[in-house]
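The values are calculated or read from the model by the stated rules, or taken from the named source; none is laboratory data. Computed from a prediction, not measured in an experiment: that's the story for all the values here. Ideal geometry is used to build each Cβ from the backbone, glycine not excepted, and the neighbour counts take in all protein chains shown.
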Amino acid sequence: MMDVSIDLLIQFMLVVSVFLLVFSIYLLSNRAREVARERKKAAYIKEHQDAWYHYVRGSGPFPESLMPRHTYELYGVEQIFLSYIKNVSDPLIREKIKLFSNESMKDHYGKLLASRKWSIRMNAQYRVVDFHIDSLIDHCISMEKKKLSPDEQFQLLKIYSLFKPDLFLKKFLEKPPLFSEYECKKLFKTADDSVLKQLIKNFHQLSSTCKYAFINTLGMKREIGTVPFLESLLKEEDAEIRIRSLKAIHEIGTLHQIEKYTPFISSEIWEERLMAAKVLGNLPLRDSVPYLETLLADETWRVRQEAAKTLKMDPHTTMLEREQQVY
């Protein structure tokens, strides 16, 4: 009985050893192929990066020698394009990248979007956005037939905001996603003006998180035409909406009626008084001095400091008075 057990153990150990050996060879083989692909990709980039630079920066025809014919060459082109996307804002370069990607890389990324591997699908979605491959929008829509991760759902919404504004609004408003404020900002940042206008009309359908992100985005975009909407939010019950709206108006740098801001001079919330001091800095001093003088006596140091900073712009204020105004 003991001999049989030992024989079984030896056989088991042999099977395990063979399995580990085969698995190690498989891993080493895959690694060797990956290293070889990376080496070929690097060689392609080194050989062709100057030619790509001259093409995307110039106005001449596309050189056929640049056309990628192998997978590693496609990834070489991808790396070259990404370097331009991240470091250059020239619209001509971006347009050439868009045209080439839609004409010559569509099939490649279309296959990747259908991959079983999550990481491959995600990378393909990122490239659809990076290179503006709008010819793949139908491929992206068909992905929704499968079960998607939250990351994929977010990236699809980002794609829709770029290429299918109506679809983006439909999905975003009918079933508001549970995204973080940071994620909502990323979506709003890439949305075009038509989407932003519709979100303004449907603002109260958004979650609180999305509302905060949207207001911040309007401030960042600095569109004067959004000031009336932001001013309308100064009457909201949610103090956070009021504070963020004041901040956005300050960032845009213009206001229409000072009467809409004077109630915040005596607000019980010090953040509102602080933002009122900031907003008043967008007015001529002759109009804002009475209110700023009130804020100079505020109980909160930061409010006093902001009011003093605005008054420092008055050429009739002495240096000593400017320093004393903070305290």
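Here's the yes/no breakdown for (1) farther than 20 Å from Asp166 by Cα; (2) among the small types (Gly, Ala, Ser); (3) crowded, with 19+ Cβ neighbours inside 10 Å:
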| site | (1), (2), (3) |
| --- | --- |
| Lys197 | no, no, no |
| Ser208 | yes, yes, no |
| Lys221 | yes, no, no |
| Glu237 | yes, no, no |
| Ala248 | yes, yes, yes |
| Thr254 | yes, no, no |
| Lys260 | yes, no, no |
| Ser266 | yes, yes, no |
>> Condition check: surrounded by 14 or more Cβ atoms within 10 Å (Cβ to Cβ) and in contact (Cβ under 8 Å) with a residue 24 or more places away in the chain. Does Lys171 satisfy that?
In response: no
>> Whether any residue in segment 198-217 is in contact with a Ser or Thr (Cβ under 7 Å, 6 or more places away or on another chain), more than 12 Å from Leu173 (Cα to Cα) and at pLDDT below 90 is what I want to check.
In response: no
> Got a sec? Which helices (runs of 4 or more DSSP H) wholly within segment 127-233 have at least 3 residues that are polar (S, T, N, Q)?
Replying inline: 150-163, 208-221
> Looking at this structure, is Arg57 more than 23 Å from Lys106 (Cβ to Cβ), loosely packed, with under 12 Cβ neighbours inside 10 Å and modelled with pLDDT under 90?
Replying inline: no
